[in-house]
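Everything on this sheet refers to the single structure shown next.
Derivation of every value follows stated rules applied to the coordinates shown; laboratory data play no part. Predicted, not measured: the structure shown is a model, and the values here were computed from it. Note that each Cβ is placed from the backbone with ideal geometry, even for glycine, and that neighbours are counted across all protein chains shown.
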Amino acid sequence: QVQLVESGGGLVQPGGSLRLSCAASGFTFSNYFMNWYRQAPGKEREFVAGVTSSGGKNYADSVKGRFTISRDNAQSTVYLHMNNLKPEATAVYYCKAIRGLYAYWGQGPPVIVSS
């Protein structure tokens, strides 16, 4: 059974940092393109960051220089390190695994950036 279990969300003040984790099971993690998306209240879900099976990374312009995606294939886990968080980063964050026609989503931890 495929599972993507996220953790690390919560409340943080503007300018603060958080690290999200997404632990995968039920598929060969190292073969999958791993991504983070987010959905803010009243808005559509949007791409945040992605890391290929070979380690190539890409980011949405809005998070470049502040967010870092990484993966640990031995632990079947992908991370999103978020620094200098802004209130507009408040959203539910989703992990997504993609390989060809196959795509799996996690359940999404909320991140709230507020003073």
What FRET efficiency comes out for the pair PHE47/GLN13, r = Cβ-Cβ distance, R0 = 25 Å, nearest 0.05?
-> 0.45
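Hey, can you rank 52-63, 97-108, 27-38 by average C-beta count inside 10 Å, highest first?
Packing order, densest peptide first, comes out as 27-38, 97-108, 52-63.
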Filter the GluC sites (Glu not before Pro) in the range 29-115 to those in DSSP coil with at most 10 other Cβ atoms within 10 Å of their Cβ, and list the result.
-> GLU44
Using Cα positions and a limit of under 14 Å, work out the aspartates and glutamates in reach of LYS57, with same-chain residues fewer than 8 apart set aside.
-> ASP72
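Give me the percent relative contact order of the range 1-73, please, defined on Cα pairs under 8 angstrom at least 6 residues apart.
21 percent
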Using 7 Å Cα-to-Cβ label points, what is the ASN73/PHE33 separation (nm, one decimal)?
-> 1.7 nm
Quick one: grab Rg to one decimal and Dmax as a whole number for the chain, Cα atoms only, in Å.
-> 13.3, 42
